[in-house]
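Asks: Handing you a structure now.
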Amino acid sequence: MVTTAALEEELRALAGSVPDPELPVLTLAELGVLRDVHLTAPGRVEVHLTPTYTGCPAIEAMSADIERVLHDHGMPEVEVRTVLSPPWTTDAITAEGRRKLAEFGIAPPRPTGPADGPVTVDLTIRCPHCGSTDTTLLSRFSSTACKALRRCESCREPFDHFKEL
């Protein structure tokens with residue numbers, strides 16, 4: 001017999017394995033937008049999802065993909081709720097997610113640290129291609145609002161940088 005906690009963990013793993021529609025190299029769990037998964041009744045699950053920013057157009061695709069995956073797993077009723085508080089920050093991206101971003105050629109965001117603690121100051125963005133910190137901002141926005149376009153002055157390659165929030 002499967003316990004409620006075990007089933008919720010299984011459903012969380014399934015929902016978390018859904019690829020992000022804008023950055024398919026990352027799963028929703030690695031991006032840190034999957035907040036909660038819990039059974040509300042037999043055959044009914046509620047999923048809490050936090051967008052990377054209010055008004056993020058990808059939230060609808062994320063919700064639909066989660067619903068599809070959980071329906072395919074035999075869950076008849078799936079409700080995905082958008083939760084805005086606490087807001088998502090780039091600190092929610094897992095270490096594995098950061099590694100995948102760099103491997104994919106996107107400079108991962110720098111850790112921002114605790115809200116109530118000292119602020120770390122790191123003004124360099126490392127090139128995901130060659131590792132140089134000699135990079136230049138080309139545009140504050142790239143293919144999505146959460147990324148900036150930069151160029152490495154050492155290898156001359158352009159790259160996206162996932163902006164810190």
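Asks: Work out the FRET efficiency for Glu77 and Thr54 from their Cβ-Cβ distance, taking R0 = 41 Å, and round it to the nearest 0.05.
Replies: Efficiency computed from Cβ-Cβ geometry: 0.95.
Asks: Testing the spin-label approximation: label points 7 Å from Cα along Cα→Cβ at Leu39 and Thr136. State their distance in nm.
Replies: 5.9
Asks: Expressed as a rounded percentage, what relative contact order does the chain have, with Cα pairs under 8 Å and six or more residues apart?
Replies: Across the chain, relative contact order equals 17 percent.
Asks: List the residues whose amide H sits under 5 Å from the amide H of Glu164, counting only those 5 or more places along or on another chain, with H placed 1.01 Å from N in the peptide plane.
Replies: Here the answer is Arg110, since their amide H atoms fall under 5 Å of that of Glu164.
Asks: Region 136-165: which chymotrypsin sites (Phe, Trp or Tyr not before Pro) are DSSP loop and have at most 16 other beta-carbon atoms within 10 angstrom?
Replies: Phe141
Asks: With every protein chain kept in place and ligands, DNA and RNA left out, what is the accessible area per residue of region 4-82? Probe 1.4 Å, answer in Å².
Replies: Accessible surface, normalised per residue, equals 45 Å².
Asks: Now for a different question. Using the beta-carbon distance between Cys155 and Leu123 and R0 = 22 Å, what value does 1/(1 + (r/R0)^6) give for FRET efficiency, to the nearest 0.05?
Replies: 0.65
Asks: Of the heavy-atom accessible surface of the chain (probe 1.4 angstrom), what whole percent is carbon and sulfur?
Replies: 56
Asks: Any cysteines in the chain with zero other Cys Cβ atoms under 4.7 Å from their Cβ? List them, or say none.
Replies: Lacking a cysteine Cβ partner under 4.7 Å: Cys56, Cys146.
Asks: Per the helix-only calculation at 222 nm, which mean residue ellipticity applies to the chain, given -39500 (n - 2.57) for every DSSP H run of n ≥ 4 and division by its residues, nearest 500 deg cm²/dmol?
Replies: Working: 4 runs with 41 residues, N = 165.
Result for the chain: -7500 deg cm²/dmol, rounded to the nearest 500.
The values are calculated or read from the model by the stated rules, or taken from the named source; none is laboratory data. Source: prediction; values computed, not measured. Positions of Cβ are generated from backbone atoms using ideal geometry, with glycine treated the same way; all protein chains shown enter the neighbour counts. Surface accessibility is based on the protein's heavy atoms, side chains included, excluding ligands, DNA and RNA. Shrake-Rupley method; radii C 1.70, N 1.55, O 1.52, S 1.80 Å.
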